[in-house]
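As structure tokens, the structure follows; a few thoughts come after it.
Read the figures in this text as sums done on the coordinates, not as results from a lab. These numbers come from a predicted model, not from an experiment. Cβ: placed from backbone, ideal geometry, glycine included. Neighbour counts: every protein chain shown.
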Amino acid sequence: MGSGKTTLVSALAAHWGVPALAEGMAPLVNAETRFRRLRQKTAVTQEELKPAVQSCVKAYRQCVAAREQAYRRPGGFVADRWEADLMDFWLVTMAPHADDRVTGEFLYEVQRKSEQLSAIVILPLRRPGVAEDRNEMEMRRNLKFSGTLLNWLVTSALARQFTKVPVLFVTNEAASVQERVQQVEHLLREAQRP
């Protein structure tokens, strides 16, 4: 079991009566997996990697465009992931192989999309030793604690650095889904106090 992010998203969406936006990262993960496999081949040149990097850029832009439509829906939503998660994924896996202008473009999307959010919820860091290697979307889960820690730190830092909305850190004290919903409600009320 992971951190319980998708379960909490579903519970918050039901609690507030708004849609839950799915993770939507499968195209990006698939493109990155093809890139990684190509890179593992011996004697692959940078020129041979370029089409795979371009495929990842295209997949990232498609993810952002699909989410753009969801952000325009009236009435709000709860998202399983947001652009900082995509940015984290990009920085860790693809940025070293791509033009910095693309990374700048994606960072701009984090800033722009954050302006449309009411709050960002950060779950506690998942403890080492997760047994499942796939998430609920059948995408490979990062089982190495160092990778999980890096993802958590990057996403948390992006949320704090590039947003003006409250960043709500859920603690490990809230164990059940209902306790986490209550904790998010409490943290949101506290953040909205003048």
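Report the charge-dipole magnitude of the stretch 5-192 in Debye, nearest 20, computed about the Cα centre from +1 at each Lys and Arg Cβ and -1 at each Asp and Glu Cβ.
Values: 26 positive and 22 negative charges, 69 e Å.
Around 340 debye, computed over the stretch 5-192.
Can you tell me which lysines have their Cα less than 23 Å from the Cα of Lys113? Leave out same-chain residues fewer than eight positions away.
Reachable lysines: Lys5, Lys58, Lys164.
Write out the trypsin sites (Lys or Arg not before Pro) in the stretch 45-129 meeting two conditions: DSSP loop, and at most 14 other Cβ atoms within 10 Å of their Cβ. Don't skip to the end; give the middle numbers.
On the way: sites: Lys58, Arg61, Arg67, Arg72, Arg81, Arg101, Arg112, Lys113, Arg126; in loops: Arg72, Arg81, Arg126.
Qualifying residues, ordered by number: Arg72.
Report the full-extension gain for the segment Glu68 to Glu179: residue separation times 0.36 nm, less the Cα-Cα distance, to one decimal in nm. Numbers along the way, then the final one.
Details: separation 111, 0.36 × 111 = 39.96 nm, distance 3.09 nm.
Result for the pair: 36.9 nm of gain on full extension.
Note down the Stokes-Einstein diffusion coefficient of the chain in µm²/s, whole number, using a Kirkwood radius over alpha carbon pairs, 20 °C, and 1.002 mPa s. Numbers along the way, then the final one.
Values: Rh = 17.8 Å.
Roughly 120 µm²/s, to the nearest whole number.
Testing the spin-label approximation: label points 7 Å from Cα along Cα→Cβ at Thr33 and Gln161. State their distance in nm.
In this crude spin-label approximation the distance works out to 3.0 nm.
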